[in-house]
Every structure is written in C-alpha cells, then in structure tokens.
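The values are calculated or read from the model by the stated rules, or taken from the named source; none is laboratory data. The structure displayed is predicted, hence computed values, not measured ones. As a convention, Cβ positions derive from the backbone with ideal geometry for all residues, glycine included, and neighbour counts pool all protein chains shown. Surface areas here come from the heavy atoms of the whole protein model, side chains and all, with no ligands, DNA or RNA. Shrake-Rupley method; radii C 1.70, N 1.55, O 1.52, S 1.80 Å.
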Amino acid sequence: MKLHTAHFLIAATVLLGTLGNAQQTTPAEQRIAAARQQIVAHPKSAEAYNNLAAALIRRAHETASPDYNRQAAEAIATGFSLAPQDFQLRKTQVELLLDQHQFVRARDEAKDLNLHNPDDAAIYGYLARADMALGDDHGAEENAQWMLNMLPYNVPGLLIAADLRDHWDDREGALDLLRRAYAETSPSETGELAAIANRIASIEIELGKLDVAAQVLLRADQVFPGYPETAKNRVRLGNTTTTAAADPIPAKPVAPPALIPTATLSPVVFTPVPAALLIPQPTATQRVVKSMQSRVQRNPKDPATYSALGAAFLQRARETGDVEDFQLAEQSLQKSLDLDNADFAAEPAFSAMAAVCMGEHRFSDAVTYAQNALALGSGDLSSFAIAGDANADMGEYERAAVAYSRLDISGESATQPNNVYVRDSRTSYLKFVSGDTAGAIRLMQSAVAAGTEARLPAENLAWLYFELGEYESQAGDVAAADRAYLAALNTHPGDYRALAGLGKLRGNQGRYAEAIKLYQSAIAVVPMPIFVAELGDLYSKTGNLEEARKQYQLVQYIGLLGHINQVLHNRDLALFYADHDIKLDESLTLAHKEFEVRHDIYTWDALAWALYKNGKYQEASDAMENSLRPGTRDALLFFHAGMIAGKLGQTVQARDRLQQALSINPHFHVIYADVARQQLKVLQEQAGLTASQGQTHVP
C-alpha cells in the first residue's frame, strides 16, 4: 500500500496570522502552568498528571532539554499510581518512549493500545514512528496510511508521511507534506510551527536552495525566537550570503508567511470517503438508555433517574434523528419534574427539556424551560446557551447575544474546555449572521479544539465539525469544508449531516456520482426531506428525471408524516415547492406558518422566495430586505435577492446581488449557481446594449 500524495496537495493559501517578535511564555509553558494548577485543585486526578506530562514533553521539544522528559516520566508515574490503566496516560507514555528512542518498547506498548482501541488515529502514528526507527519501512508506510485515511489532514500524520518521503529520497514530496502540515497548524502553536519550518529549511539546505532556507529560518525565528533547531540550521547555512538577509521579513508581516509560492497552489483534491465511514457505528447511548430504563423500574420515585433517562433519549435523538426519541425524552423529563421541580436537583431536567423543545422547534417553550433552569440558582450557566439558541432561531439576535454574553465568565472557569466549547460554538453563529464569516470560522475552530479536549460524545463533536464545514463552505473554501466534513465522519461514522454536507459540496463541484452515493448514505441514516430534495436535484442535473421524480415525491411524503414532521419541515417544504414550481399556494402557506413562530433571516428568505414564485414581487423584495439586513454572507440569499430585483426591473441591484452571490461562493448550488451566471450574463448584455443606445442618441 503506497502513500497517496494526492491526499496532501495544498488547496488554499498557507497560514494567515500576525506574529510578534517575542513572547513571554511559550504554548508548552502555558500548558505546564495550567496542568499544575489543575493538580493543585484535583490532586487525585490522573488526567491532570497526564496533561502535565504531555506539556512537559512539548517543552522538551521547545528547549531540547532532557530534564523536561525526566519530569514528564515522573508525572506519568504519579498518574499511573492513581489510575494504573489510564488510556491517555499510556498514550503519553508511548510518546515519551519514542522521544527517548526506546523504540521496541514503544512499538510493543502501541500495539497493545491499538488492540484496545483500533479507531485511535494517534496510535497508528506511534506505530509508524517506531517502525520507521526500527527499519520496518513497510510497517511504517502501512500505519502512516491508516492514520491519514482516518484523519486525512492531521498534522502528526503529515509529518510522519514527510519523514517517509524524505527517507525515500522524495524530498519535493516531503516538502509538499511539510508545507501542508504548516498550513494546518494553529497560529498559537508556535513551537510546532518553528519545528516544521526548520524541517522545511533542512531539506531546502540539502537541495542547495540556501536562499529559500534562509527565508524559512527567518520566519521560524519570528514565530519562536531562540528555537534550538533554528540555530543548528543556521550553522549549516554557514556564512553564505543570501538575498533573504538583505530583505528581512517585517516584525509584523502584512501578508501570510509564504512557505510555498502562490503559483504552486493546486486544485482541490477530494479524499475518497472510506466505506466504513458511510455506516453508523453503535454508540454507548443505547446502553445508557437501557441502563436508565432498568433504574427507573427499580426506583420509580427517583426524579434524577427519570432526568438521566430523558437526557439519554435526547442524545439518541441527536444521533438518529428519530423524532419519537424527542417524545420519549419529553415524557421522562416531565415525570422527573413532576417528582421534583423546586431545588437544584431539578436543573438538569429543566435544561434537558429546553433542549428537547429546541429539537421540536418549540422555541418559546425552550426559552421558558431554560429560564426555569436558571431560576433555580444552581450555578450552571449552560442554559443561557439554550436560551440564546432559541432566540437566535426566532430571529431575536439581540436577545440571543445578551444570553450568550452570560457565558463569558471570568477566572479559571473561563478557560475550561467545556465552557469554551459552549460559548464559542454559540457566538460563532452570531458572527456568521452579522456577516463575519471568517470570525465565525475562528470561533468554531476554537469550539472544536475545546470540544475535543472536553471529550464530548462523538455525535456532539461531529456536529461542531459539521458546523465548521458549513461556515467554510459558505466562505467558498471547498478544501477546508471537505476536511471538516470528513473530520465529522471520522469522529462519528455515518453522521447523516456530514454525509449530506460532503454530498452537497462534491455535487456543487460536479462530482455527481460521488455526491449521489453520499446523499444515499445520509438518507439511509435519516431521511431528511431537504437531503432527499437535494438528491433529486442531482438526479435532475445528470438527466435521470425519473429518479429525480421519485425523490421529489418522497420529499412530500416524508414532510407530511406526523405532526412533528410537519412542524419541523415547514420551511424546507416551502422552499422545496417554490424551487420546483409545484404547489406554489401551499409553499406560501407553509412559509407564513413558519413565520408565525420565528422571524430569523432564513424564514424571511423562505417567505420572500415563496412570494416571488407566487408573483408577489414587491412583497418578496420587502421580505428579502429583512433577510439581508444583518449582513449575512450567504450566496443563496444574494441569489434570491438578485432574482427578485430583476423581476422588479432593478437591473443594477440585480446585477450587484448576483455578482455578490458568485463572489462569495461560485459553486453555491448545484443548479442555481449556473442560473446566477446565466442571468448575470443577460443583465450585463442588456446593460451594454443600453449604454450603446445611449451613446447613439448623443447630439
């Protein structure tokens, strides 16, 4: 099995960030301090000692001092005395063994870890590093490929692949991988950035490209002044005069640090989706449901047990999309509140009930239950997040912002991963709605990192990756969106949202066969009407009109199944009917019905589009202005606005808005992107004709 270099081609510009000349504390030092505070607060926590050991290993990389590895070993030993089989401690120990060149022991330990958890990508990386050091090129190659198949763009995997390429004398291939790793590394990880930059410089020196190496080392020095490898590589450069020395990079560069020339950027290369990721895997949630059901039978008067059962049903509803689980969750939570609704112990039931109401689109009820949870004064502020979510979905963005602002706590709690995840995942949406898509992406990236550190359930973490993919797709960054959706699937195989996200993204790029397969997989998990409609559009685009017709019939059937489905899918059905010019009266009725419960930008948009398709162009324009007012940079909104303006004879505005749609994302829709281009061409030709006629009549 060979490493597929196509997986690693760069599809976007490299890391953008402003780097200062110096820093008071390094990332590793900050982690060490935080871990020691955690140990003081929780002296019996094996996790705290693991965090300390991992941070000390990082510090050893920053300083090349073996003393930090010695301290790391002591921290690991203390952690094992508290939890002898702790999985994370065992992983950190393997990492330390590799750094100490104890490769045989590291490989044996990693093999045992792999037997216990074959889905942990990092362990394949440990095996690859050990195999490479022990001369087993085939084993190293196979394990590195497994690691990258599971998480296609993970930085350790890219670095291992680069080592293999370098070992095989494919230095250009190694450089491609290292540049990719640099681009994937967070700007805050300055030690990692300096290490990667030095590896790039080292290869450039071997290739005789001394000027390029000097430039890269200058950047490494800016990122992390005094990094040990930088000094060593400067010695290798010797006293050679370089153009870089005469033209140093400014202390605060105004452009990205260009480790690769813009001219070498490659088109998007889509990674094949492994078949194993298309099918959901069993989670612990079903076991929790059964366990809580048994406890309820044994303790029918215990409100906490009913609350836990309701929360388990809610989690299963998130994972499966089964609306019946929302009803089961509500029944259990209501029973809990019937037994106890007046003290701190009732807070989880009120909070979970608010989340159930969100799932059922009962937004006002969600706010009420969240307020009830907060009124108990338990000190748990997470219900502010649900209250903010409900207000955001109702279009009450200022109220949502007020609710989310209560999540900005101070002190040590402000940096706890769970609090960071809750805060940043919510406030990112307000950034997006306000038109700051880049800000939304940064906050969601922070939420993903915090959610990973907080060890969220797989589905919850996959949701964060999916939302990140949605924002990156809106920004037109196809490669980044594809990575995010794939990360969601790697985290939670069979995640129906991520499957549909990949299907939409690849379909918009003309990869219709792949897109159809991905949509089919998503619908097999949860047959959401919007996914079925988008699959129908793909069939229509490829000329399979009979199959498209079947999908469109299925949309209508699913959307009308049961009361909850009708509530959940009013807006989707309104848009579906309008998009396909069927049941236009019903489209408008459904849009008005949805508008009774929420006035967010997307409900205004659905109403505008239904009005447009019903020939009510001025009303459509008025509704569309409300949709656009916050400044959201969503290409589909601008497309709708452009089409409406065209019908009103507002040709300049129509051109501007269609151009905005295509500039935001030239591939925003499998059908409408082409329609936008065609309509824009017509408007531009009309404008040219008008201008020409005007010149003819000049005296």
Restricting region 320-362 to residues that are touching a Ser or Thr at 6+ places or on another chain (Cβ under 6 Å) and open to solvent by 30 Å² or more (accessible area, probe 1.4 Å), the one nearest to His569 (Cα to Cα) turns out to be Pro348
Scanning region 278-298 for residues that are open to solvent by 70 Å² or more (accessible area, probe 1.4 Å), polar (S, T, N, Q) and closer than 17 Å to Gln331 by Cα gives Gln293, Gln297
Hits in region 110-123 (condition: open to solvent by less than 50 Å² (accessible area, probe 1.4 Å) and modelled with pLDDT of 90 or more):
Ala110, Leu113, Ile123
Could you list all residues from region 363-381 that are crowded, with 19+ Cβ neighbours inside 10 Å and of a type outside the set (A, V, I, L, M, F, W, C)?
Tyr369, Asn372
Subset of region 433-443 (residues that are open to solvent by 10 Å² or more (accessible area, probe 1.4 Å) and of a type outside the set (D, E, K, R)):
Ser434, Gly435, Thr437, Ala438, Ile441, Leu443
Those residues of region 345-386 which are part of a loop (DSSP other than H, G, I, E, B) and of a type in the set (A, V, I, L, M) amount to Leu376, Leu381
Given the condition open to solvent by 40 Å² or more (accessible area, probe 1.4 Å) and in contact (Cβ under 8 Å) with a residue 60 or more places away in the chain, answer yes or no: does some residue in region 581-593 qualify?
no
Which of (1) at pLDDT 95 or above; (2) part of a helix (DSSP H, G or I) does Thr632 not meet, given it meets every other one?
(2)
Exactly one of Leu159, Leu148 is closer than 24 Å to Gln445 by Cα, among the aliphatic types (A, V, I, L, M) and either in a loop (DSSP other than H, G, I, E, B) or touching a residue at least 60 places away in the same chain (Cβ under 8 Å) (or both), and that one is Leu148
Subset of region 44-88, residues farther than 24 Å from Tyr227 by Cβ and open to solvent by 70 Å² or more (accessible area, probe 1.4 Å), comes to Lys44, Glu47, Glu74, Ser81, Pro84, Gln85
Could you please find all residues in region 493-520 being of a type in the set (Ser, Thr, Tyr), within 20 Å of the chain's Cα centre (by Cα) and open to solvent by 10 Å² or more (accessible area, probe 1.4 Å)?
Tyr496
Criterion (at negative phi and within 22 Å of the chain's Cα centre (by Cα)) met by exactly one of Leu158, Leu164, Leu113
Leu158
Top-ranked residue in region 618-661 [being open to solvent by 70 Å² or more (accessible area, probe 1.4 Å) and among the acidic types (Asp, Glu); ranked as farthest from Ser473 (Cα to Cα)]:
Glu619
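So that you can scan it fast, the table gives a plain yes or no per residue for (1) out of contact with any strand residue (DSSP E or B) (no Cβ under 8 Å at 6 or more places or on another chain); (2) among the aliphatic types (A, V, I, L, M); (3) under 23 Å from Ala635 (Cβ atoms); (4) open to solvent by less than 60 Å² (accessible area, probe 1.4 Å):
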site: Met394; (1), (2), (3), (4): yes, yes, no, yes
site: Ala403; (1), (2), (3), (4): yes, yes, no, yes
site: Lys431; (1), (2), (3), (4): yes, no, yes, no
site: Ala454; (1), (2), (3), (4): yes, yes, no, yes
site: Phe466; (1), (2), (3), (4): yes, no, yes, yes
site: Gly469; (1), (2), (3), (4): yes, no, yes, yes
How about region 184-274: which helices (runs of 4 or more DSSP H) wholly inside it have at least 1 residues that are modelled with pLDDT of 75 or more and more than 30 Å from Arg506 (Cα to Cα)?
190-206, 210-223, 228-237
Restricting region 306-327 to residues that are within 16 Å of Pro527 (Cβ to Cβ) and not β-branched (Val, Ile, Thr), the one farthest from the chain's Cα centre (by Cα) turns out to be Glu324
